[in-house]
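Student: Let me give you the structure first, and then I'll get to my questions.
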Amino acid sequence: MTTSPLATRPGAVLAEGTTVAAHVGDPLREQRLLAEGAGLVDRSDRDVLTVPGTDRLTWLHSITSQHLERLADAAGTEALVLSPNGHVEHHLVLAELDGTTWVDVEPGTGAALQTFLERMRFMLRVEPALVTGAWALLSLVGPRSPEVLAAAGLPAPGAPYAVAALPGGGWVRRMPPLGDGGATAFDLLVPRADVAARADALTAAGAGTAGLDAYEALRVEARRPRLGADTDHRTIPNELPWLSVAVHLDKGCYRGQETVARVHNLGRPPRRLVLLHLDGVSEDLSAPGTPVLSGAREVGRTGTVVRHHELGVVALALVKQSVAADAELTVGGSRAVVDPDDAPAAVDDTRVAARDRVRAVRSATIGR
């Protein structure tokens, strides 16, 4: 994939290992823009797939974690592809519009997802295709984003995951807010050849320009994980907020469902996603996968680590359920504490009783 035209503009600094701008000169100012105004973020490095065909929704329903067979036109959602053991393999963000299901996924994962989908086609009437070369994703973030869209003559869907067609092709999809909940977010899928023109129209309508680093900082604050950065090969949906937005707990059978249902019914996934506050003594931010230590004992791993304009250095981390809210932790030499809002959830009496019954059955089986 070639570098985005927006990343070659004056002031833009290319993000390492990607094709989009990390920032455009002032990362902290750009964060405040997204939190308080309206900023346009180039996320055109994400992979995009289309799934047309009469059987597309029932087919996707059968192979993902989400209830999709009755997904309405002009609606979106999130879904997961799981391994047979329930580990997360792909995170999909979907938009259903005019007989085609659009899927955008993490950069570099589209080809593997396309291979999986082709393998699962059988004789069904579906035609999955990787179309990243033709389509690009932009995000408009901030409380003034609806005003900017209106000034540009573009629709601003009112409910999360609602989708509206864009003139000239593509669509706009409202997403859950970022940051502390006040940063309204819209994704715009546009023809890749029109990225520069669409960006110019939105900035003329009142949007500022921000880099991917600013978007990531508000994403971390909102505790929205990214596949690969905030997950590892052992991650199951129950450890992440994806359980509530990308998993339907009452749908029929799909690959990995047994693990999801069992852990949900017992109410105790092995790890939980938390926001860590780091003391920031190190100038270098820890890489995803850095161990979280309690004394000399490893109790978790970091995901995305960012320098936030209000919170300081913060990170998403997967930690063991046994980690207390007030535990003294270290990450790469920096002291860390769990955000007070991310204390371990209490388990109700019904789930405790269910867990005790499982232990009793296992004990009886082992003793035979």
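Student: Roughly how many whole Å is it from the C-alpha centroid of the range 163-230 to that of the range 73-130?
Tutor: 20
Student: Residue separation times 0.36 nm, minus the C-alpha to C-alpha distance between A296 and A193: what's the value? Display every interim value, and only then the final one.
Tutor: Values: separation 103, 0.36 × 103 = 37.08 nm, distance 5.26 nm.
Residue separation times 0.36 nm, minus the Cα-Cα distance, leaves 31.8 nm.
Student: Suppose each label sits 7 Å from its Cα in the direction of the beta carbon; what would the K320-M1 distance come out to in nanometres?
Tutor: Modelled inter-label distance: 3.8 nm.
Student: In addition: Per-residue counts of other Cβ atoms within 10 Å, averaged by peptide: what ranking do you get for 241-254, 165-178, highest first? Can you show the working numbers first?
Tutor: Details: 241-254: 15.6, 165-178: 17.7.
Ranking the peptides 241-254, 165-178 by packing returns 165-178, 241-254.
Student: Where in the range 285-312 is the amide nitrogen less than 14 Å from a point lying 7 Å along the Cα-to-Cβ axis of R335?
Tutor: 295
Student: Using the C-alpha atoms of the range 289-336, what convex hull volume per residue, in cubic angstrom, is computed?
Tutor: Details: hull volume 3.7 nm³, N = 48.
Output value, Cα hull per residue: 77 Å³.
Student: Hey, any idea what the orientation-averaged projected area of the convex hull of the range 100-177's Cα atoms comes to, in nm²?
Tutor: Approximately 6.5 nm², given one-decimal rounding.
Student: With Rg and the Kirkwood Rh both taken from Cα atoms, where does Rg over Rh land for the range 117-221? It would help to have the intermediate numbers written out before the result.
Tutor: Numbers: Rg = 15.6 Å, Rh = 15.0 Å.
Radius of gyration over Kirkwood radius for the range 117-221 works out to 1.04.
Student: With both bridge residues required to lie in the chain, what share of the DSSP beta bridges run antiparallel, to the nearest 5%?
Tutor: Details: 70 of 73 bridges.
Percentage antiparallel, nearest 5: 95.
Student: Starting from the coordinates of the alpha-carbon atoms of the range 37-104, obtain the Kirkwood hydrodynamic radius over all distinct pairs and give the value in Å to one decimal. Don't skip to the end; give the middle numbers.
Tutor: Working: mean 1/r = 0.0766 Å⁻¹.
After inverting the mean inverse Cα-Cα distance, the result is 13.0 Å.
Student: Under 14 Å from the 7 Å Cα→Cβ point of A165, by amide nitrogen: which residues of the range 40-78?
Tutor: The answer is 73-75.
Student: Between T54 and A112, what FRET efficiency comes out of the Förster formula 1/(1 + (r/R0)^6) with R0 = 35 Å and r the beta carbon distance, rounded to 0.05? All intermediate terms of the calculation are to be shown ahead of the outcome.
Tutor: Values: r = 26 Å, r/R0 = 0.73.
E between A112 and T54, to the nearest 0.05, is 0.85.
Student: Looking only at the range 17-32, which residues have a backbone nitrogen under 19 Å from a spot 7 Å from the Cα of E310 in the C-beta direction?
Tutor: 27-32
Student: What percent does the relative contact order of the range 140-254 come to when contacts are Cα pairs within less than 8 Å and at least six residues apart? Mind dumping the intermediate values first?
Tutor: Working: 131 pairs, mean separation 24.8, N = 115.
Relative contact order of the range 140-254: 22 percent.
Student: Right, here's the next one. Sorted by packing (mean other beta-carbon atoms within 10 Å per residue), highest first, where do 208-214, 9-15 land? Could the numbers behind the result be given before it?
Tutor: Details: 208-214: 24.7, 9-15: 14.4.
Top to bottom by mean Cβ count within 10 Å: 208-214, 9-15.
Student: Please compute the alpha carbon radius of gyration of the chain, then divide it by the globular-protein estimate 2.2 N^0.38 Å. Two decimals is fine.
Tutor: Working: Rg = 21.3 Å, N = 368, 2.2 N^0.38 = 20.8 Å.
Working it through for the chain, the quotient is 1.02.
Student: Once Rh for the range 1-157 is found with the Kirkwood sum over Cα pairs, what is the Stokes-Einstein diffusion coefficient at 10 °C and 1.306 mPa s, in µm²/s?
Tutor: On the way: Rh = 17.4 Å.
D, rounded to a whole number, is 91 µm²/s.
Student: Which sequence of M1, M123 reflects their accessible areas, 1.4 Å probe, from the largest down?
Tutor: Values: M1 125, M123 180 Å².
Result of the area sort, largest leading: M123, M1.
Student: Would you mind getting me the FRET efficiency between R121 and S244? Use the beta-carbon distance for r and R0 = 35 Å, nearest 0.05. Can you show the working numbers first?
Tutor: Numbers: r = 30 Å, r/R0 = 0.85.
According to the calculation, E is roughly 0.70.
Student: Highest mean first, what order results for 284-293, 43-52 on Cβ atoms within 10 Å? Numbers along the way, then the final one.
Tutor: Numbers: 284-293: 16.7, 43-52: 20.5.
Result, highest mean first: 43-52, 284-293.
Student: With a cut-off of 8 Å between alpha carbons and a minimum separation of six or more residues, what is the relative contact order of the chain in percent? Walk me through the numbers before you get to the answer.
Tutor: Working: 811 pairs, mean separation 63.9, N = 368.
Relative contact order of the chain: 17 percent.
The values are calculated or read from the model by the stated rules, or taken from the named source; none is laboratory data. The structure displayed is predicted, hence computed values, not measured ones. Using ideal geometry, Cβ is built from the backbone for each residue, glycine included, and neighbour counts are taken over all protein chains shown. Protein only, heavy atoms only, side chains kept; ligands, DNA and RNA dropped before computing areas. Shrake-Rupley method; radii C 1.70, N 1.55, O 1.52, S 1.80 Å.
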